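Chemist: Got a structure here, written out as structure tokens. Questions coming.
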Amino acid sequence: MRKLHTHYNDWHFGAAAFFGRRAFAVMNDGFKLQHHAMEFDRTYAVGVGKNIGNAVVRLQYIYQRATELPIQNANVEVRNIRLLLNYKF
């Protein structure tokens with residue numbers, strides 16, 4: 001995995017790339033799995049975030065390429081855009 005993260009004032013910018021085969025993806029800090037079996041071979045992600053008081057608002061785009069199992073449906077593309085709000089207690 002390759003990651004790049006930087007800050008500018010209250011802004012956060014990040015990018016990541018993961019190359020390597022895995023049979024499923026764990027998401028949301030371990031609380032969610034992909035809904036059916038896929039063998040992922042690459043993942044790219046970019047995001048931007050902003051600190052607002054005790055909260056952090058983040059926008060992320062994630063692209064993944066996979067082979068759907070067991071039918072061997074190759075080059076399946078999974079694209080996600082997510083908006084997250086984290087509050088620091």
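Chemist: Do you know which residues across the stretch 52-89 are under 16 Å from the mean Cα position of the chain (by Cα) and open to solvent by 70 Å² or more (accessible area, probe 1.4 Å)?
Modeler: Arg58, Leu59, Tyr61, Glu77, Arg79, Ile81, Arg82, Leu83, Leu85 - these are the residues of the stretch 52-89 that are under 16 Å from the mean Cα position of the chain (by Cα) and open to solvent by 70 Å² or more (accessible area, probe 1.4 Å).
Chemist: For the stretch 60-89, give me each residue that is over 29 Å from His5 (Cβ atoms), part of a loop (DSSP other than H, G, I, E, B) and in contact (Cβ under 8 Å) with a residue 12 or more places away in the chain.
Modeler: Leu69, Pro70
Chemist: Now a separate question. List the number of the failed condition for Met38; all other conditions in (1) within 13 Å of the chain's Cα centre (by Cα); (2) within 15 Å of Tyr63 (Cβ to Cβ) hold.
Modeler: For Met38, the exception is condition (1).
Chemist: Another question, if that's okay. Taking only the stretch 20-51 into account, find how many residues are surrounded by fewer than 11 Cβ atoms within 10 Å (Cβ to Cβ) and either part of a strand (DSSP E or B) or not aromatic (Phe, Trp, Tyr) (or both).
Modeler: So the answer is 8.
Chemist: Filter the stretch 6-28 down to the residues that are closer than 23 Å to Arg65 by Cβ and either under 12 Å from the mean Cα position of the chain (by Cα) or without any contact (Cβ under 8 Å) to a residue 12 or more places away in the chain (or both) and list them by number. Steps first, answer last, please.
Modeler: Here is the first cut: in the stretch 6-28, the ones closer than 23 Å to Arg65 by Cβ are 14-28.
Gly14, Ala15, Ala16, Ala17, Phe18, Ala25, Val26, Met27, Asn28 - these are the residues of the stretch 6-28 that are closer than 23 Å to Arg65 by Cβ and either under 12 Å from the mean Cα position of the chain (by Cα) or without any contact (Cβ under 8 Å) to a residue 12 or more places away in the chain (or both).
The values are calculated or read from the model by the stated rules, or taken from the named source; none is laboratory data. Please read all numbers here as calculations on a predicted model, not as lab measurements. We place every Cβ from the backbone using ideal geometry, glycine too, and count neighbours over all the protein chains shown. These accessible areas exclude ligands, DNA and RNA; they are computed on the full protein's heavy atoms, side chains included. Shrake-Rupley method; radii C 1.70, N 1.55, O 1.52, S 1.80 Å.
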